[in-house]
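The values are calculated or read from the model by the stated rules, or taken from the named source; none is laboratory data. The structure displayed is predicted, hence computed values, not measured ones. Backbone-built Cβ (ideal geometry, glycine too); neighbour counts: all protein chains shown.
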Amino acid sequence: MEKEIEEHDCGCMRRKQKALIKKLSINAAASIIQDPEISASFQIFRGKRALVTGASRGIGRSVAKHLYHLGAHVIAVGRSETDLEVLAAEIPEIQVLELDISKWTIAERKLQTIGDIDLLVNCAGISSLQSILNITEEEIDQTFAINTKSTMNLTKIVAQNLIKRKVGGSIVSITSQSSTFGIKKHAIFGASKSAVEAFTRAAAVELGQYGIRVNCVSPVVILTKNARKYWEKTKDSKSLLAKIPLKRFGEIHEIVHAILFLLSDKSSMITGFVLPVDGGFSAC
Ligand SMILES: NC(=O)c1ccc[n+]([C@@H]2O[C@H](COP(=O)([O-])OP(=O)(O)OC[C@H]3O[C@@H](n4cnc5c(N)ncnc54)[C@H](OP(=O)(O)O)[C@@H]3O)[C@@H](O)[C@H]2O)c1
């Protein structure tokens, strides 16, 4: 009988202890979030100024918002005034800049007026996906002007600024699995991104001595609104999915985390690297 009472008491005690621990954990978590010192430790980009192109929508928009929440001052570049206004309304601290980055000299001039930059994300890009039998000179010129030449121009501008200030920095460009692998209808797009990867390796070799790291993130399909529309419709998605070991396309946060890693000091010994975010596609 005594043993039974003891066990009953023990059972009650354990339940009470569990409830207390749960309550304490919730309170502890809440006070951690409110503790300015601890919340500051999550602000890994505090004091940094970041320039993000292609920030009016898709991946670039998400990168810009994450960088802001992690403490950076963000300059978000895009062409669409409306999309930039929506971003600015959501987070007024993000500085938006309407700029067509394919205009070499205009971009050079405008970017001289925005102040110092520590982090650059070359995310703006276009893709006109079609057979090589139908490509036009205009499409080639436009794709290379936006995807390739602007990345080179902005990398140059930011590197010059970092070297002048004698500080290191980090530059990340978004390429594509089609820069390494032959994918139907991706000839111009893939070629424009391959050039960015070659440029990145050479830039890393030249800029390493100044503490400037230059890397790429190379995704498989990432389901932005636009990508979702295209890949849900096309017959090609079934055969592409079959070649991805994880059997799915990527979500926006999955590429954003890779970009943030390469921008941050957590990757301080990595430069000249192309990081695939491809569910294992490149391992096959
Ligand atoms: N999503 C994918 O599946 C995927 C796969 C492989 C690689 N990528 C690459 O990842 C990057 C982001 O892709 P995403 O899917 O987020 O693209 P998205 O939704 O189509 O957005 C493209 C962004 O680039 C900007 N942009 C295009 N031309 C520009 C120009 N001349 N000047 C300034 N900004 C310009 C657009 O801004 P405006 O509309 O305001 O001009 C927009 O913010 C691109 O480089 C893309 O090639 C994406």
Unmet requirement for residue 124, which otherwise passes all of (1) touching a Gly at 6+ places or on another chain (Cβ under 9 Å); (2) among the aliphatic types (A, V, I, L, M); (3) more than 15 Å from the ligand (Cβ to nearest atom): (3)
Exclusive hit being hydroxyl-bearing (Ser, Thr, Tyr), more than 10 Å from the ligand (Cβ to nearest atom) and in the same structural domain as residue 79 (by TED's automatic domain parsing), set 136, 151, 143: 136
Enumeration of residues in region 217-264 that are part of a loop (DSSP other than H, G, I, E, B), without any contact (Cβ under 8 Å) to a residue 60 or more places away in the chain and of a type in the set (Ser, Thr, Tyr): 234
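Here is a yes/no grid of residues against (1) in contact with a helix residue (DSSP H, G or I) (Cβ under 6 Å, 6 or more places away or on another chain); (2) hydroxyl-bearing (Ser, Thr, Tyr); (3) part of a helix (DSSP H, G or I):
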{"position": "181", "(1), (2), (3)": "no, no, no"}
{"position": "188", "(1), (2), (3)": "yes, no, yes"}
{"position": "191", "(1), (2), (3)": "no, no, yes"}
{"position": "197", "(1), (2), (3)": "yes, no, yes"}
{"position": "215", "(1), (2), (3)": "yes, no, no"}
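Quick check on my filter: what residues within region 271-284 are outside any helix (DSSP H, G or I) and surrounded by 15 or more Cβ atoms within 10 Å (Cβ to Cβ)? Even if it seems obvious, please write down each step before you answer.
Taking region 271-284 and keeping what is outside any helix (DSSP H, G or I), we get 271-280, 284.
Selection gives 271, 272, 273, 274, 275, 276, 277, 278, 279.
Kindly indicate whether residue 240 is in contact with a Gly (Cβ under 6 Å, 6 or more places away or on another chain) and either surrounded by 17 or more Cβ atoms within 10 Å (Cβ to Cβ) or over 17 Å from residue 64 (Cβ atoms) (or both).
Values: in contact with a Gly (Cβ under 6 Å, 6 or more places away or on another chain): no; either surrounded by 17 or more Cβ atoms within 10 Å (Cβ to Cβ) or over 17 Å from residue 64 (Cβ atoms) (or both): yes.
No: the conditions fail for residue 240.
I'd like to verify a number: residues in region 204-226 that are within 24 Å of residue 278 (Cα to Cα) and in contact with a strand residue (DSSP E or B) (Cβ under 9 Å, 6 or more places away or on another chain), how many? Can you show your working first?
Our first condition is that a residue be within 24 Å of residue 278 (Cα to Cα); within region 204-226, this holds for 204, 213-226.
Imposing the further condition that a residue be in contact with a strand residue (DSSP E or B) (Cβ under 9 Å, 6 or more places away or on another chain) reduces the set to 204, 213-223.
Residues meeting the conditions: 12.
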Qualifying residues in region 181-201 (those that are of a type in the set (Val, Ile, Thr) and within 12 Å of the ligand (Cβ to nearest atom)) - the one modelled with the lowest pLDDT: 183
Region 123-143 residues that are within 30 Å of residue 260 (Cα to Cα), paired with ones that are modelled with pLDDT of 95 or more and of a type in the set (Ser, Thr, Tyr) (beta carbon under 7 Å, 6 or more apart): 123/53; 124/53; 124/150; 126/143; 128/143; 143/192
Unique match (being of a type outside the set (Phe, Trp, Tyr) and either farther than 24 Å from residue 155 by Cβ or in contact with a Leu (Cβ under 6 Å, 6 or more places away or on another chain) (or both)) among 52, 74: 74
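Please state which one of 71, 54 is surrounded by 11 or more Cβ atoms within 10 Å (Cβ to Cβ), within 16 Å of the ligand (Cβ to nearest atom), modelled with pLDDT of 60 or more and under 18 Å from the mean Cα position of the chain (by Cα). Before you say what the answer is, go through the steps one by one.
Values: 71 fails: within 16 Å of the ligand (Cβ to nearest atom).
After ruling out the rest, the residue left standing is 54.
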Residues (surrounded by 21 or more Cβ atoms within 10 Å (Cβ to Cβ) and either free of Cβ contacts under 8 Å to residues at least 12 places away in the same chain or more than 23 Å from residue 270 (Cα to Cα) (or both)) located in region 191-201: 192
Some residue of region 86-108 being away from the ligand (no atom under 13 Å from the Cβ), under 20 Å from residue 186 (Cβ atoms), of a type in the set (A, V, I, L, M) and assigned by TED's automatic domain parsing to the domain that holds residue 199: no
